[in-house]
Amino acid sequence: MTHELLPKRIRFVKLNAKALRALADGDLAAGSAEAGVALDDYFVSDRARWIFGYRADQLTKDPSAAPWTTRAAVSEPDGTVIGDAGFHGPPNEAGVVEIGYSVVSTYRRQGYARAMLTALLTRAAEEPDVKTVRATIHSDNTASLATIAAFGFTFVATQATETDGTNLVFELPSNPPRPPLSPSGSEN
């Protein structure tokens, strides 16, 4: 018997520079207190600490980027923190914003990435300065590649990096997102 997942509802909780710096330093209690939500060890993993340190430095240099940067993603109505998502910064001079999202491993394959992506695309569509949404995804991240494909992102480039290997770059014009089709091909 196949069970269709109900669409997930999430809300974003701001991670200010103090919360980001605490998490980058591995201080989960201080990061959680500053964010006002109970974060778990995922938020002080090596990956998260590097990203949150980078974002804390970004906000120190440019406080105006705060509305665009990383937030904790919280499942509603239960209030469980299921990951983080946001933009890499405000739109550039061409109107491009780049998204990023990650789901805690125990909550993957449950529709949360789709919910985060929907919320990010909605936010981008509400901003008149945003013309294009970009996603850069590691070439072997099949789950994320499938998630963005359902939204109609178009492949535009390949990037090779010393640390990450091959990344694929996708773009989507900024406009209100359509819900992705269900696995059966009909709209939800």
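The values are calculated or read from the model by the stated rules, or taken from the named source; none is laboratory data. Not measured: the values here are computed from a predicted model. Here Cβ is always computed from backbone atoms with ideal geometry, including for glycine, and neighbour counts include all displayed protein chains. Side chains included, ligands, DNA and RNA excluded: accessible areas come from the protein's heavy atoms. Shrake-Rupley method; radii C 1.70, N 1.55, O 1.52, S 1.80 Å.
The solvent-accessible area of residue 126, taken with every protein chain present and a 1.4 Å probe, is close to 130 Å². As a ratio to 2.2 N^0.38 Å, the alpha-carbon radius of gyration for the chain is 1.01. Counting only protein heavy atoms and using a 1.4 Å probe, the accessible area of residue 138 comes to about 60 Å². Pick out which of 94, 135, 65 has the largest mean-square fluctuation in a Gaussian network model of the chain, springs linking Cα atoms closer than 10 Å. Result: 94 has the largest fluctuation of those listed.
Here the contact order of the chain, divided by its residue count and restricted to Cα pairs under 8 Å and six or more residues apart, works out to 16 percent. With protein chains left intact and a 1.4 Å probe, residues in region 55-185 average 50 Å² of accessible area per residue.
Legend: calculated FRET efficiency, residue 50 to residue 154, from the Cβ-Cβ distance at R0 = 25 Å, rounded to 0.05, equals 0.30. Listed by chain and number, the aspartates and glutamates whose C-alpha is less than 14 Å from the C-alpha of residue 8, apart from same-chain residues fewer than 8 away, are 76, 78.
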